[in-house]
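Since the structure comes first, as structure tokens, the remarks are kept for the end.
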Amino acid sequence: MTVPVASQPQTGAPFEPTALSPFPEAVVEYSRRYGLEEYLNFAVELAREAFRPLAIRLEVEQDYESDDTWICLTVDVRGTVEEVLAMNRAYTKRWVERVPWPEVFRFVCSFNIS
């Protein structure tokens with residue numbers, strides 16, 4: 001599911017950073033199971049700030065060799081490779097400063113440059 005950059009809940013009210021309703025059900029269930037609700041919202045808000053994305057897609061992924069799972073944020077972004085790498089460094093720096101272990105490894109951020 002793609003989360004619009006200016007996402008709003010179904011009611012038309014302004015987007016609340018703590019509202020999980022705009023997220024895919026599998027992502028919401030996963031975040032609740034592992035106590036990640038706070039970090040899910042932070043990951044999306046941080047991606048919006050760091051990348052100024054065209055779109056953000058969220059899904060739960062699994063490594064079939066190890067059975068590890070995580071939430072994948074795929075960010076569609078415009079810019080040169082150098083600009084996007086700088087955005088990614090800024091995202092990663094703030095991410096690891098805020099999110100503790102092991103929760104930090106329950107999320108992966110990837111990007112598509114257009």
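Only the coordinates and a few stated rules stand behind these numbers; no lab work does. Keep in mind that what you see is a predicted model, and the values were worked out from it rather than measured. Note: ideal-geometry Cβ built from the backbone for every residue, glycine included; neighbour counts use all protein chains shown.
Give me the net charge for the shell around T74: Cβ to Cβ below 14 angstrom, other residues only, Lys and Arg +1, Asp and Glu -1.
-1
As an exercise, take the mean of 1/r over every pair of distinct alpha carbons in the range 17-113, invert it, and state the Kirkwood radius in angstroms.
13.7
Grab the Cα-Cα distance for V108 and E25, subtract it from 0.36 nm times how many residues apart they are, and report the gain in nm with one decimal.
Full-extension gain reported as 28.1 nm.
Report, for the range 17-113, the % of DSSP beta bridges that are antiparallel, rounded to 5.
55
What distance in nm separates the simple spin-label points at E37 and E59, each placed 7 Å from Cα in the Cβ direction?
Inter-label distance under the simple model: 2.6 nm.
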